[in-house]
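Got a structure here, written out as structure tokens. Questions coming.
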Amino acid sequence: DTGVSQDPRHKITKRGQNVTFRCDPISEHNRLYWYRQTLGQGPEFLTYFQNEAQLEKSRLLSDRFSAERPKGSFSTLEIQRTEQGDSAMYLCASSSSSPGYYTFGSGTRLTVV
Amino acid sequence: AQSVTQLGSHVSVSEGALVLLRCNYSSSVPPYLFWYVQYPNQGLQLLLKYTTGATLVKGINGFEAEFKKSETSFHLTKPSAHMSDAAEYFCAVSPYQAGTALIFGKGTTLSVSS
């Protein structure tokens, strides 16, 4: 068990550029979640996958955001036409079918300049 | 719908003093409850969780929390604070159902002075 891996750890981008983040969950976990955390706030739920199916999306996930989990393993989160308000820590978590077991990655910190 | 309220965005204690971080939840179904700790520029580390069974839950680093259904509370305590406990603490809830996303409170920053 190598935990949940996120790449990159840090990303600085210019406003208007597209960015993509990757999350590799724990291999036996079939559920994967994306959260966004802004300074001084708790993590806010963005979206959730069970295997490759995207089952739930928050209204925070505007049409500039898209997430995929093509083979039910790793996931990507893409933000198009980034805005300064997108600056945040993006956290990925995974869980198994057993209730109450969530493991978080270290996050990707996005700075839009 | 579920929600979490953490009372006090900042708590300061002296080293060796009792730590009490407050969390109240709202849930229409029996909840699972969690406390996470976050150090600067890091992800979330699970301190403890309540799913079913014993309402007093013991976690890592000497922390514990008690689920009180009548008060809809899940306060986090530690008898004696250490300098290394200084961090951000988040309470979270999910409904009694596997696979549902966690809903977090806004967090409480714990400062520990010597």
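Looking at A:ARG15, A:ARG59, A:ARG69, A:ARG22, which one is among the charged types (D, E, K, R) and within 30 Å of B:HIS10 (Cβ to Cβ)?
Details: A:ARG15 fails: within 30 Å of B:HIS10 (Cβ to Cβ); A:ARG69 fails: within 30 Å of B:HIS10 (Cβ to Cβ); A:ARG22 fails: within 30 Å of B:HIS10 (Cβ to Cβ).
A:ARG59 is the lone residue from the list that is among the charged types (D, E, K, R) and within 30 Å of B:HIS10 (Cβ to Cβ).
Count, please, the residues in region A:49-69 that happen to be out of contact with any Lys or Arg (no Cβ under 6 Å at 6 or more places or on another chain) and at pLDDT 90 or above.
Looking only at that region, the number is 9.
Yes or no, residue by residue, for (1) over 14 Å from A:VAL19 (Cβ atoms); (2) in a loop (DSSP other than H, G, I, E, B); (3) away from chain B (no Cβ under 14 Å):
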| site | (1), (2), (3) |
| --- | --- |
| A:ARG59 | yes, yes, no |
| A:ASP63 | yes, yes, yes |
| A:SER97 | yes, yes, no |
| A:THR111 | no, no, no |
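Can you tell me which residues in region A:27-53 are at the interface with chain B (Cβ under 10 Å from one of its Cβ atoms), open to solvent by 40 Å² or more (accessible area, probe 1.4 Å) and in a strand (DSSP E or B)?
Hits for region A:27-53 are A:GLU44, A:GLN50.
Have a look at B:THR72, B:THR52 and point out the one that is hydroxyl-bearing (Ser, Thr, Tyr), open to solvent by 40 Å² or more (accessible area, probe 1.4 Å) and within 14 Å of chain A (Cβ to nearest Cβ).
Only one candidate qualifies: B:THR52.
I've got another one for you. Does B:PHE90 qualify as being aromatic (Phe, Trp, Tyr), open to solvent by less than 20 Å² (accessible area, probe 1.4 Å), at pLDDT 95 or above and in contact with a Pro (Cβ under 8 Å, 6 or more places away or on another chain)?
The answer is yes for B:PHE90.
The values are calculated or read from the model by the stated rules, or taken from the named source; none is laboratory data. Quantities reported herein were computed from a predicted structural model and do not represent experimental measurements. Because the Cβ atoms are built from the backbone with ideal geometry, glycine has one as well, and the counts that use them run over all protein chains shown. Note: areas computed on protein heavy atoms with side chains; ligands, DNA, RNA excluded. Shrake-Rupley method; radii C 1.70, N 1.55, O 1.52, S 1.80 Å.
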